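Okay, structure first, notes after.
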Amino acid sequence: QVQFVESGGGLVQPGGSLRLSCAASGTIFIIYTMGWYRQAPGKQRELVASITSGGRINYADSVKGRFTISRDNAKSTVYLQMNSLKPEDTAVYYCNYGAPINGYWGQGTQVTVSS
């Protein structure tokens with residue numbers, strides 16, 4: 001049973017930072033592209049960043065230069081370092097494969113950027 005468990009969200013002021021973690025289980029983590037996604041209220045879920053098994057990285061234009069995705073294959077964990085956070089980054093953040101599978105969405109972790 002594949003499972004992704006996200007953590008690290010919270011309430012932060014504009015300009016602040018958070019580091020999200022996603023622990024994967026039940027999968028051969030090392031061979032898959034992993035992605036961080038987010039869904040804001042009233043909006044569709046969108047891809048924020050992805051990282052291939054070989055370390056190739058892509059970011060959504062809205063987060064380039066502020067967010068950094070990384071992975072630790074030994075721990076089957078993918079991270080998202082978020083700096084210079086803006087109110088528009090407020091959303092529930094999820095991880096999944098780079099080609100996401102609907103049945104594998106976890107609970108997500110809430111990120112709220114507000115003063």
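The values are calculated or read from the model by the stated rules, or taken from the named source; none is laboratory data. Please read all numbers here as calculations on a predicted model, not as lab measurements. The protein model used for the area step is the full one, side chains on, heavy atoms only, and it has no ligands, DNA or RNA in it. Shrake-Rupley method; radii C 1.70, N 1.55, O 1.52, S 1.80 Å.
Here are the numbers for the structure shown:
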item: Most mobile of Gln81, Gln13, Gln44 in a GNM of the chain (Cα contacts under 10 Å); result: Gln44
item: Cα principal axis extents for the chain, largest first, Å; result: 40, 25, 22
item: The chain: most fluctuating residue of Pro14, Pro87, Pro41 per GNM, C-alpha cutoff 10 Å; result: Pro41
item: Calculated from backbone phi, Karplus (6.51, -1.76, 1.60) coupling profile of the range 36-53 in Hz, x at Gly/Pro; result: 9, 10, 9, 9, 8, x, x, 10, 6, 5, 10, 7, 9, 7, 9, 9, 7, 4
item: Amide H contacts of Leu85 (H built 1.01 Å from N, under 5 Å, at least 5 apart or other chain); result: Gly15, Gly16
item: Length-normalised contact order for the range 18-93 - Cα pairs under 8 Å, 6+ apart - percent; result: 37
item: Nonlocal amide H pairs with Ser53, under 5 Å, H built at 1.01 Å; result: Thr33
item: Fraction of accessible area attributable to carbon and sulfur, the range 27-97 (%, probe 1.4 Å); result: 48
item: Residues whose placed amide H lies under 5 Å from that of Val48, excluding near-sequence neighbours; result: Trp36, Tyr37, Arg38
item: The range 73-115: mean projected area of Cα convex hull, nm²; result: 4.2
item: Max mean-square fluctuation residue, GNM over the chain, Cα-Cα springs under 10 Å, options Val78, Val92, Val48; result: Val92
item: Backbone HN-Hα couplings from phi across the range 95-100 [Karplus 6.51/-1.76/1.60, Hz, Gly and Pro as x]; result: 10, 6, 5, x, 9, x
item: Using θ = phi - 60° and Karplus 6.51 cos²θ - 1.76 cosθ + 1.60, couplings along the range 62-71 (whole Hz; Gly, Pro as x); result: 5, 10, 4, x, 10, 10, 9, 9, 8, 9
item: Length released on extending from Thr112 to Lys43, taking residue separation times 0.36 nm less the Cα-Cα span; result: 23.3 nm
